[in-house]
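Trainee: Take this structure, written in structure tokens, and hold onto it; I'll ask about it next.
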Amino acid sequence: MMTQEKMRFRSTLLGSGALLMAIAAASPAVAQTTPPPPTEETSYDDNAIVVTAQKREQNINDVGVTVQAISGSMIEDRQINSLADLANAVPGLSYTNSGSNTPVYTLRGVGFYETTLAAYPAVSVYLDEAPLAFPVLTNNLAYDLERVEVLKGPQGTLFGNNATGGAINYIAAKPTDSFEAGGSISYGRFDTIQGEAYVSGPLSDKIGVRLSGKAIHSGDWQKGYTNDATTGKTETYAARLLVDINPTETLRVQLNVNGWVDKSDPQAVQYILYRPNIPGVPTAVENYPKAPERPRAADFTESINPSSNNKFWQAVGRIDLDIFDNVTLTSLTSYVHYNQDMPYDGDGVTLQDFDVAEFTGKVRTFSQELRLANSGSSDFRWVIGGNYSRDKGDDYYILTYPDSTVAAALGITRSGYQSQQTIKNYAGFANGEIDFGQITAKAGIRYTKSERSATSCFFSLAGQPHGVIFTGISDLLRAQNGLPPSGMTFDSDQCLTIDVTGINGAAPTYLPGEFAGTLNEDNISFKAGLDWKPNRDTLLYANATKGYKAGSFPSSAAATTAQLTGVKQESLLSYELGVKATLLDGSLQANAAAFYYDYKNKQLRSKLLDPVFGVLDALVNIPTSDVKGFEVELNAQPTDGLNVYANLVYVDSKIKEFQGFSGAGVFDDFSGAPFPYSPKYSVGAGFNYEFPVSSSMAAFVGADLTHRSSTTAIIGNAPGYEIGDYTLLDLRAGVKSQDDRWQFSIWGKNVGNEYYWTNVASYYDTVARYAGRPATYGATLSFKYR
């Protein structure tokens, strides 16, 4: 039955939506600044923001979902060069780094913190609608972009599994009808040099090409607080080639080949808390000095040479064929190839409590989508299609921990583990919209079948006593469960994870060996909603949407198979009411939305108490939880050249039912606890003012202020795992030509040098923070030739 709390909130949600509708309906019609959808005779004007949130081009104010669009010019002006920069520009979006170089996105409180390379996210990322299946693939995309679209709320109907929180779509700048070229060069703090360039134009009347690239090189930004060691350099190179071929009026072919190389240093963490994995065992780490609260302070083990050599490339082919006058067949094919090589320090100390001396991995993904869609100018707009994907991720680790409590208690100092996961997905979908005067009814459905297999192996290394230890543990567990001793002596170089849960349905053997697991799941996601346009400048919408995130297996140095048990798929049922209004003769855009998420089986990286190694990572499902909130966005242009914006996102996430271990290894009832990485308030405000200084030159100034309230890195309130609130201020000023041929700017990011952190992680005996970057500043010169 529906709880009284849920009923009260839904009543409030409906009442708020009704009030918004009444206000919008009562407001007088204002000047017609929002263009109609394009038809055979009309097209969007230069001021319209066009998005492809529903896999067809639409004015953003005609799309009945919450969408944040960041233009290419805004990306350049605000120096959005990283995933962290993007999160600061999008209200309600949080980003955190992790030791394995896997970024984690959380949108409106919905995310999935898991560092396995082959872990699907809860917020999916696409490049021109082509999926980047795993978060580790989403680095180094922010260059030569037309825009970035951030869709909030479940997007499973059109975008598939793993978009319960939303979807991020990077839209690359396309080949131009005439020759163009441009670029920029920047120099900033820490000897950062960044260059971008593009060239674009037709090779013939049927072929257009665009080639772009970006390179960043900087010195170390982190330095030791107990020694003079430094780390944190950036060295990345990225390139993208787009080819548009239009052999006939009814056939369009788009090719996209892009890639990047990242040789940057992984971020060094800040040691803040000693939390022994095996209590009562003394180690040198216990008396190690804590990191000072300074952004740059971070110790690390120099001997493992924290560095990276990660390589990515992707090929995407899109074919659009007009098979009838108003029906188009689209084929979208994508292949991704990624290799990772990245040793890193996981403990934040110069000792070796938990260091990853070797971390290699690879990802291979293939996806194919076919869909039919009719013209966007029809009163009944529909799309129907299907897709198939095959994703594979492998990783291999060598861990060193001679200064840990595990080494002191058991005499083992090094070990390794590897895992392989393969996922096949099959889906069919349909979506439709039909106009009844001012009302548009919307509905969509998608069936998805997912097949995942995983193997995992924890192994020892030469000279380590794991074999003897695990032989003894195995015999003890077998005796406790009424089984005779195995009579076997296990070698250190074999798979040593002890089977305590059974493999693929078999009874537990309590013998060391390779873990193997499968997940075969299917689901039906759907969407239903109504849009109402009382006038051309006002849109009110109401949506009910259900989405799913596929189940998952962790990759972990597991002593027993209990640590490797997979989690089943999660589901999220969303109710949302929103309004988009263009007011004051087009000088003010006001958007607002209220939402309620009913969450089932939320996936969470938690802990368990291992009988040998103490507190270790594990994945769990939270049976029931919810998220409720609202957001408001205002964008005004009170005078020529001045743009002012403000936004607020409020998110109240709550676990309703879960008993288990926190990230600190404490067993408790966590009912009522908020989600990790889910600040209650996200606030943004800023302005940009451009004014002429001569007939050929203009000047500009701008500022952006972002604030995030406090949150936590784990469920519960364990000391040390809190993520404090923070406020960041970015500034910029410069001059440019009136025809946009050149621009020179000076800029600063986090000019107040705020000390903040976005993540707290624990490995073995230490708890450590991922600090945000300190104040950075620089100058940029850009140019365009047309």
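Read-outs: derived from the displayed coordinates by stated rules, not from any lab. Bear in mind the structure is a predicted one, so any value in this text is a computation, not a measurement. We place every Cβ from the backbone using ideal geometry, glycine too, and count neighbours over all the protein chains shown.
Trainee: Do the alpha carbons of any pairs in LYS55/LYS152; LYS546/LYS654; LYS214/LYS749; LYS449/LYS568 sit beyond 24 Å of each other, and which pairs? Walk me through the intermediate numbers first.
Mentor: On the way: LYS55/LYS152 15 Å; LYS546/LYS654 19 Å; LYS214/LYS749 20 Å; LYS449/LYS568 13 Å.
Violating the 24 Å limit, Cα to Cα: no pairs.
Trainee: For each of ASP493, ASP325, ASP395, ASP77, count neighbouring Cβ atoms within 10 Å of the residue's Cβ, then give the residues from fewest to most.
Mentor: ASP325, ASP493, ASP77, ASP395
Trainee: Ordered by packing density, taken as the mean number of other Cβ atoms within 10 Å over each peptide's residues, highest first, how do 166-178, 368-380 rank?
Mentor: By packing density, highest mean first, the sequence is 166-178, 368-380.
Trainee: Which shape class, rounded, prolate or oblate, goes with segment 154-229 when its Cα gyration tensor gives a ≥ b ≥ c as root eigenvalues, a/c under 1.5 marks rounded, and past that a/b bigger than b/c marks prolate? Provide the component values of the computation, followed by the final result.
Mentor: Values: a/c = 4.78, a/b = 1.29, b/c = 3.71.
Cα axes put segment 154-229 in the oblate bin.
Trainee: Per residue, how big is the convex hull of segment 511-550 when only Cα atoms are used? Give it in Å³. Don't skip to the answer; put the middle values down first.
Mentor: Numbers: hull volume 4.2 nm³, N = 40.
Considering the Cα atoms of segment 511-550, their hull volume per residue is 105 Å³.
Trainee: How big is the Kirkwood radius of segment 102-228, worked out from every pair of different alpha carbons and given in Å to one decimal?
Mentor: Details: mean 1/r = 0.0579 Å⁻¹.
So the Kirkwood estimate lands at 17.3 Å.
Trainee: Then there is this: In percent, what relative contact order does segment 215-283 have, based on Cα pairs under 8 Å that are 6 or more apart in sequence?
Mentor: Values: 90 pairs, mean separation 18.7, N = 69.
Relative CO of segment 215-283 lands at 27 percent.
Trainee: P(r) tail for segment 117-181, what percent of Cα pairs lie past 16 Å?
Mentor: More than 16 Å apart: 48 percent of the Cα pairs in segment 117-181.
Trainee: With +1 assigned to the C-beta of every Lys and Arg and -1 to the C-beta of every Asp and Glu, and no other charges, what is the dipole magnitude of the chain about the Cα centre in debye, to the nearest 20?
Mentor: 880 debye
Trainee: Over segment 66-113, with a single point scatterer placed on each C-alpha, what log10 of the ratio I(q)/I(0) does the Debye formula yield at q = 0.20 1/Å?
Mentor: So the normalised log intensities are -0.71.
Trainee: Highest mean first, how do 189-200, 277-288 rank when packing is the count of other Cβ atoms within 10 Å averaged over residues? All intermediate terms of the calculation are to be shown ahead of the outcome.
Mentor: On the way: 189-200: 17.7, 277-288: 15.3.
Those peptides, ordered most packed to least, come out 189-200, 277-288.
Trainee: Along each of the three principal axes of the Cα atoms of segment 603-685, give the extent in whole Å, ordering the values from largest to smallest.
Mentor: Rounded to whole Å, the extents work out to 68, 25, 15 Å.
Trainee: Here is a follow-up. Please report the spacing between the Cα centers of segment 96-171 and segment 507-531 in Å, no decimals.
Mentor: Each part reduced to its Cα centre gives a spacing of 20 Å.
Trainee: Oh, and also: Give me the tail of P(r) for segment 486-630 as a percent: Cα-Cα pairs with distance above 28 Å.
Mentor: Details: 4813 of 10440 pairs.
In whole percent, the share of Cα-Cα pairs in segment 486-630 beyond 28 Å is 46.
Trainee: Can you give me the Rg/Rh ratio for the chain, using Cα atoms for both radii and the Kirkwood formula for Rh?
Mentor: Rg/Rh for the chain comes to 0.97.
Trainee: For segment 411-481, what value does the Rg/Rh ratio take when both radii are computed over Cα atoms and Rh is the Kirkwood radius, given to two decimals?
Mentor: 1.47
Trainee: Between segment 210-245 and segment 380-439, what's the alpha-carbon centroid distance in Å?
Mentor: 26 Å
Trainee: Show me, bin by bin at 10 Å from 0, the whole-percent P(r) of segment 647-708 based on Cα pairs.
Mentor: 17, 26, 19, 15, 11, 8, 5
Trainee: Moving on. Any idea what the relative contact order of the chain is, in percent, if you count C-alpha pairs under 8 Å spaced at least 6 apart?
Mentor: With pairs under 8 Å counted, the relative contact order is 11 percent.
Trainee: A further question follows. Helix 4-26 against the longest principal axis of the chain: what's the angle in degrees, Cα atoms only, rounded to the nearest 10?
Mentor: 20 degrees
Trainee: With a 10 Å radius around each residue's Cβ, average the other Cβ atoms per peptide and rank 637-648, 341-352, highest first.
Mentor: 341-352, 637-648
Trainee: Taking only Cα atoms, what is the 0 to 90° angle, nearest 10, from helix 466-480's long axis to the longest principal axis of the chain?
Mentor: 80 degrees
Trainee: Another one. How large are Rg and Dmax for segment 277-337 when calculated on the C-alpha trace, in angstrom?
Mentor: Gyration radius and largest Cα-Cα distance of segment 277-337: 27.1, 77 Å.
Trainee: Using alpha carbons only, what's the Rg to Rh ratio of segment 707-763 with Rh from Kirkwood?
Mentor: Rg divided by Rh gives 1.28.
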